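Read the figures in this text as sums done on the coordinates, not as results from a lab. Owing to the predicted nature of the structure, the values given are computational and were not obtained by experimental measurement. With ideal geometry, Cβ positions are generated from the backbone for all residues, glycine too; neighbour counts draw on all protein chains shown.
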Amino acid sequence: MAKNIAEIVTELADREAIRELPQRYCDCVWQGDVAGLVNLFVDDGVFTIVGNNKETTNKGRAELEKTYKAGLTTLTPRPYIHNHVIELKGNGRASGRCYVEIRDASNKLSWLGTGFYNDEYVKVGDAWKFQSRRAQMVHMEPKMAAGTTGTQEK
Amino acid sequence: MAKSIEQMAGELADREAIRELPLKYCDCVWRNDMSGIVDLFAVDGEFITKGQKREHRASGREGLAKLYGGITQGPLTPRPYIHNHVIDLAGSGRATGRCYVELRNLKKDMEWVGAGWYADEYVKVGEEWKFKSRTFRTVYMSVMPGQ
């Protein structure tokens, strides 16, 4: 059955809000805004990083804040997001994938690595949030490989 | 209070038009369309460059035309790529945003030159969104445009 205009506009608004989540994530990283980063997640939000032959998960505001604070200090990452695809699932749920390049602010913006995020999104009131982000690194320069190992340990 | 469908559609259209401004800006730079860049600004629009040591401000159509007219002088012919654009609608035809740019140099086989970010103010003039101001902050540049 064809969607009505209200359904179409609502889906477009949902997609627009979801599309901005990884953009705001990058913006917060660039600006060193750890509180802003954590606020993009739901209260029990999950961030997992996979790479360097290990997988580490952080869950909830306290763990996310600790991890991001350490990560931004150690690595000074400057990310660019690309190729974001979104799948709306209904009932305030969605998933998506997007690709990231990361440069290093403390070394003339040299290239640190690349990978992609598998994301789960959830609508909380009128706002979309990350339920989870799973960062799969495809390539990490030595500094990033060392940095991710160090910053993820609890 | 929940937004009406008309409000949601209006906001989506505003966000889409604003999203296109930095893209058109890059497109104009790539095509050396300097009058096209100036037309993206409001009549009293401003471009401000903030480096670590200096600040430069170009205001109004004349100031902007002079600035962009000199952009390819010197060793750098910039070819920009825009990323990570975030937008905050402020109501009453105003908005702000931030986006991040990487530059390559056409004069040197598209060598990667550096990156920075723009803090933008947008204003709706009639039915069109324009730059009210762009403030460019350098993070790293091996050479600056126009130098």
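For the protein assembly as shown, just say rounded, prolate or oblate: build the C-alpha gyration tensor, square-root its eigenvalues into a ≥ b ≥ c, call rounded for a/c under 1.5, and beyond that prolate if a/b exceeds b/c, oblate if not.
Working: a/c = 2.13, a/b = 1.17, b/c = 1.82.
The shape class here is oblate.
Compare A:Gly60, A:Gly51, A:Gly90 in a GNM of chain A, Cα atoms joined below 10 Å, and give the one with the largest fluctuation.
Most flexible of the set in this elastic network: A:Gly90.
In chain A, what is the count of Lys pairs whose alpha carbons are under 24 Å apart, counting only pairs at least 8 residues apart or on separate chains?
Within chain A, the lysine pair count is 22.
Whole angstrom only: what separates the Cα centroid of the stretch B:127-144 from the Cα centroid of the stretch A:79-101?
Here the two parts' Cα centres lie 27 Å apart.
Could you size up the charge dipole of the stretch B:5-141 around its Cα centre, putting +1 on the beta carbon of Lys and Arg and -1 on that of Asp and Glu, and report it in debye to the nearest 20?
Values: 21 positive and 20 negative charges, 147 e Å.
Computed charge dipole of the stretch B:5-141: roughly 700 debye.
Dipole magnitude of the stretch B:75-143 about its Cα centre, charges +1 at Lys/Arg Cβ and -1 at Asp/Glu Cβ only, in debye to the nearest 20? Don't skip to the answer; put the middle values down first.
Details: 11 positive and 8 negative charges, 32 e Å.
That gives a dipole near 160 debye.
Can you pull the semi-axes for chain A, root of five times each eigenvalue of the Cα gyration tensor, sorted largest first, whole Å? Intermediate results must be reported in sequence, preceding the final value.
Working: eigenvalues 169, 50, 37 Å².
Equivalent ellipsoid of chain A: 29, 16, 14 Å, largest first.
Under a crude label model (7 Å from the Cα following the beta-carbon direction), how far is B:Val43 from A:Thr73 in nanometres?
5.2
Taking 8 Å as the Cα distance limit and 6 or more residues as the minimum spacing, I'd like the relative contact order of chain B as a percentage.
Values: 279 pairs, mean separation 36.2, N = 147.
The value is 25 percent.
Considering only A:Leu21, A:Leu112, A:Leu12, give the residue with the highest GNM mean-square fluctuation for chain A, with springs between Cα atoms whenever their separation is below 10 Å.
Comparing A:Leu21, A:Leu112, A:Leu12 in a Gaussian network model of chain A, the most mobile one is A:Leu12.
Pick out which of A:Gly125, A:Gly113, A:Gly36 has the largest mean-square fluctuation in a Gaussian network model of chain A, springs linking Cα atoms closer than 10 Å.
A:Gly125
Once the dipole of the stretch B:5-141 is set up with Lys and Arg at +1 and Asp and Glu at -1 on Cβ about the Cα centre, which of B:Gly97, B:Met141, B:Val29 lies farthest towards its positive end?
Going by the charge dipole, the pick is B:Met141.
Compute the helix-to-body angle for B:60-69: its Cα long axis versus the longest principal axis of chain B, expressed 0 to 90° and rounded to tens.
The helix B:60-69 is inclined about 40 degrees to chain B.
Which is farthest toward the positive dipole end of chain A among A:Ala94, A:Asn118, A:Phe41, measuring Cα position about the Cα centre, with Cβ charges +1 (Lys, Arg) and -1 (Asp, Glu)?
My answer, from the dipole projection, is A:Asn118.
Give me the one-decimal nm value for the distance between modelled label points at A:Arg97 and A:Lys54, 7 Å along each residue's Cα-to-Cβ direction.
Calculated label separation equals 2.6 nm.
If I take R0 = 25 Å and measure r between the Cβ atoms of B:Ile71 and B:Ala17 in this structure, what FRET efficiency does the formula 1/(1 + (r/R0)^6) give, to the nearest 0.05?
Values: r = 25 Å, r/R0 = 0.99.
So the FRET efficiency works out to roughly 0.50.
Over chain A, what relative contact order in percent results from Cα pairs under 8 Å that are six or more residues apart? Intermediate values should be presented prior to the final figure.
Working: 278 pairs, mean separation 37.0, N = 154.
Normalised by residue count, the contact order of chain A is 24 percent.
Quick check: from the Cα gyration tensor, does chain B come out rounded (a/c under 1.5), prolate or oblate?
The shape class here is prolate.
Divide by every residue of chain A the summed helix terms, -39500 (n - 2.57) for each DSSP H run of at least 4, and state the resulting mean residue ellipticity at 222 nm, rounded to the nearest 500 deg cm²/dmol.
Numbers: 4 runs with 60 residues, N = 154.
Here the helix-only value at 222 nm equals -13000 deg cm²/dmol.
What is the angle, in °, between the Cα long axis of helix B:5-30 and the longest principal axis of the Cα atoms in chain B? Nearest 10 is fine, range 0 to 90.
Taking the Cα atoms of chain B, the angle to B:5-30 is about 10 degrees.
With both bridge residues required to lie in the protein assembly as shown, what share of the DSSP beta bridges run antiparallel, to the nearest 5%? Each step should come with its number before you reach the end.
Details: 81 of 93 bridges.
Rounded to the nearest five, the antiparallel share is 85 percent.
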